[in-house]
Structure formats: C-alpha cells, structure tokens
1. Pull up the stretch 202-218, narrow it to residues that are among the β-branched types (Val, Ile, Thr) and buried (at least 18 other Cβ atoms within 10 Å of the Cβ), then point me to the one that is nearest to the chain's Cα centre (by Cα).
2. Within the stretch 219-227, is there a residue that is within 21 Å of residue 148 (Cβ to Cβ) and more than 18 Å from the chain's Cα centre (by Cα)?
3. Residue 213 fails exactly one of the following numbered conditions: (1) in contact (Cβ under 8 Å) with a residue 24 or more places away in the chain; (2) among the charged types (D, E, K, R); (3) not assigned by the TED database to the domain that holds residue 126. What is the number of that condition?
4. Quickly run through the stretch 1-52 and pick out the residues that are of a type in the set (A, V, I, L, M), in a helix (DSSP H, G or I) and crowded, with 19+ Cβ neighbours inside 10 Å.
5. Select from the stretch 458-486 the residues that are among the hydroxyl-bearing types (Ser, Thr, Tyr) and farther than 18 Å from residue 394 by Cα and write down the one among them that is modelled with the highest pLDDT.
6. I need a count of the residues in the stretch 194-218 that are under 12 Å from residue 123 (Cα atoms) and in a loop (DSSP other than H, G, I, E, B).
7. With respect to the numbered conditions (1) surrounded by 14 or more Cβ atoms within 10 Å (Cβ to Cβ); (2) within 21 Å of the chain's Cα centre (by Cα); (3) under 19 Å from residue 461 (Cβ atoms), which one is the sole condition not fulfilled by residue 424?
8. Tell me which residues, restricted to the stretch 186-224, are within 18 Å of residue 248 (Cβ to Cβ) and out of contact with any strand residue (DSSP E or B) (no Cβ under 7 Å at 6 or more places or on another chain).
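The values are calculated or read from the model by the stated rules, or taken from the named source; none is laboratory data. Bear in mind that the values here come from a model prediction, so they are computed numbers and not experimental data. Positions of Cβ are backbone-derived with ideal geometry, glycine not excepted, and every protein chain shown enters the neighbour counts.
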Amino acid sequence: MSDLPKIDCRADHWQIVHDILQKHLAKYEVWAFGSRAKWTAQEYSDLDLAVITTTPLSLEILASVSDDLSESDLPWRVDVIDWASTSASFREIIAQDKVVVQQKIDGLVENWKLVRLDDISEVIDSRHKTPEYSNQGFPMVRVVDVNGGRLELEYTKKVSTDIYADFSKGRDPEIGDLVISRVGSYGNVSYASSLNKFCLGQNTALIIPNNKDRFLYYALISPQIKLQIEEMVVGAVQKTISLKNIKNLNIPNPPESIRIAISNILSSIDDKITLNRQINQTLEQMAQALFKSWFVDFDPVIDNALDAGNPIPEALQWRATLRESVRKQDNFKPLPENIRASFPSEFEESELGWIPKGWAVSNVGKEFNITMGQSPPGSAYNEAGEGMPFFQGKTDFGFRFPSNRIYCTDPKRIAYKNDTLISVRAPVGSINIAAEDCIIGRGLAAARHKSKSVSFTFYTMNNLAKHFEVFEGEGTVFGSINQKDL
C-alpha cells in the first residue's frame, strides 16, 4: 500500500490512482491541485493532477492513462494536465496550492521506456515451507543468503536430492539468474555467477531475465527501484513484498546497445572490486600468519636460538625440527637482521609454558586500554547522519571497517579512530577497526594497546577471538564478555 499524500482522498481510491500513475507515468513528478489539494472538495469533486514534463506527453500515453482511469472503480473523475502543454498563466494557478503526490525518478533518461519486471523476465516463487536440512547435498538459498552481489553458496544450508527436486520446481539455475528476498530483509538481490545448482528457501523469489547481461540486476539495486519497493511493502512487524508487486516493479528499459554498455561497465567495476577483495583477503591471511609466526609460534626466537647454538626446550623441539626443515627450503627468505635483532635467542619458563626470554605473561586489561560500550537511549538514534556513527554490535561490521548506518546524538561511550572493536555479546569475538570516532553500545568494546600500535592491537584481538568464544553461552540472554573477563 502506497503512502497517502496530503490530499482529500480515501486511501483505497488513492491506491488506484497511484497504480495507474506508476504504470504509465512513473518517471515524472506529479502534482495535485484544485479542490482536493486545498481540502475544499465535495464528495464527487474531480481530482486534478499535473504531470511535470519538459516536453509534451505523447497522445498514446495520455490516452492510456485516460482509459485506465475511466475504467477504474473510482467514484469521481481524474483530470490529468500535461505541464509542458499548459500556458504560463495556468501554471501559476496550479503551483499556488500544489501537493506533490509522486516524486520524479531521478536519473532516468527521457527517452527510456519503463516496463514491468514481469515483461522482461520470468519471476518464480519459492515453496512456502521449511524443509528438512542435511549435512551435505544441494545448497538452499534463504533470505539470509541474499546479500547483494554474487550469490555465495559455500555457507548455505544443504538439502537432499529429493528436496532439491521439489524446491527447484524442475528448473536448474543459470548464470545471470537473480534471487530477491521478500520478507524481513526484503528487496535484497543477488545474482548467480556459476552453474552450481541451488534451490530457493521460503520468502525468496527467482528472477530469470530475458537478457542475461547484468543490467536488470543493477536496475533492481538502484535507489529508484528501492523506493518503489518501499512503497509496496506491507506488515508492521515482519515487512513483506508480495510476488505480485515484485512482478509489477517499473524497470527502465534502454535501447539494447545502451543496456549492454551499462551492464559491461558496471560488471567490470564489480569484477575489479571482487578481485581487490580477494587480494585483501589474501593479504589479511598473510598478516595473520605472520603475527602467529612471530607472537604465537615464536619462529624468530627459534631461528635466533638455532643460529646461536642455544638449547631449545624439549616442549618446543617439534617446533624447532619443523623450523629447520622450513629453513632448508630453496625459497626460504630469512627475516631482515634488524627485525631478528628485536627478538631474543633463548626461552624461559612461565606459568603458561615456555616464552621468549625477557617477555612476561600478562592479561588484556593490563596491556590494553579497554572501553566497554554503553547504549544511549533509543530516542537519540537516527539514520539521517545526525551526531556520530553508532554501533550496537557486529551487525554493521565489514571486512575490516564497519559501515555507517545508524547515528546517535547522545554519546555515552566513544571508540576513537583506529580502535579495535570487539563484539562482546552474542556472537562474541567478531573484530573490526573503527574508521572514525564513533559511539559504541553495550554489544561492543573498544581496545587499543598502550603502545598505541593499531596493527598489534588488531591482530592480538583477532588471535584471541577463539578464546573469546568460550563466553558465547554465558549471560542471561546473550553470550557475553565483561571487563573483568578481559
């Protein structure tokens, strides 16, 4: 149901008008004027509308609008005025008491047509039931798996061959097919980038484009289509967009050459983003491996001990043997001397076992400055960018930095730029870095080593994540870590 504009009109009557405007005139701004805009109308007064155009509408479009309005169940007449064909004096009259009843779709080229999604694709509903999952088998794509971009199947639930046959409705997905979420996190779209088979979980739909380029995908994730979806969702608690409304989405349909060019350019950018993300993940794995080598396995200390002929404790002999085999490989590259000089060449025993000589056993609370989050009142939250970015938990965490979504004007606890953010309520142990000063709620803590080293803080906390997980089941409602635990 679309929002009722501030005009004298019943909601069900406006819905009829809205649907006809969206069908024929979706890319134009539309104003209401006259008695229903001024709230002086009688029961059967006309509704006067002005379509804001720069060039006159075609007679074909005007005739189609007129036919649909006259054949509708509206109890009164709707007069549609074409702004470009209206005199300057009448424009002044219209503008005096106008009410904007439909916003223009920005960015739509004037000569592009709008078509229904159902006219340029096949839209297939999912089964409206939950299957029995298996430890292995075919991937089932659920709402939680539709996060934009390429459809990732690695971590999806799996179903048996029989359930796959039932839920796939006899159709194997193809490269370029789209999946859209309908309930809860509605309107998210992902595309199939491989021939790996999958079936749909409930509350999703499969969109099979007539053209297999990615233009339709980019159209569906555009702000203009997102706005249409927002006008179509229903439900107070669990918002939903119906399959019928998905089919009725108005999609810009440029000429084929332009469509292909747009798809190729955006696909190329997306592919580069994917490649950069893969490079980042590789570099991240290398950094984590280096941290583990230096500060967990103590490889530089073992190297120094071996070169100096110092004894290796029996408990670490297996590490020394492994390290010697690594050092004998042709592609082995020793650490630069200045870095090796920063590490000792002997070990000493501690309450936690053997550690590099001169090092000490401590805890996070002594070595790091820790700020535990505190949630501000809900009335201070907004999505308009007012105040500082606010993070309650790991919801907005990204690969390294969180995404700003919620803001807050009443800070209680602040994490500063480059602090390591730690999820301390279920799921416990997720790690990110604050990209800027931000407010943290009770689901997060912020940490920084007292040396102020950003990287050492991040990789230490990342290495400790598996230890944080033991707190997952604690707490009355959520698994949690408190400052004493840290």
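1. 204
2. No, the stretch 219-227 has no match at all.
3. The one condition residue 213 does not meet is (3).
4. Once the filter is applied, which keeps residues that are of a type in the set (A, V, I, L, M), in a helix (DSSP H, G or I) and crowded, with 19+ Cβ neighbours inside 10 Å, the stretch 1-52 yields 17, 20, 21, 25, 37.
5. 460
6. Step one: of the stretch 194-218, the residues under 12 Å from residue 123 (Cα atoms) are 204-210.
When the remaining residues are screened for being in a loop (DSSP other than H, G, I, E, B), the result is 210.
Looking only at that region, the number is 1.
7. Result: residue 424 passes all but (2).
8. Across the stretch 186-224, the qualifying residues are 222, 224.
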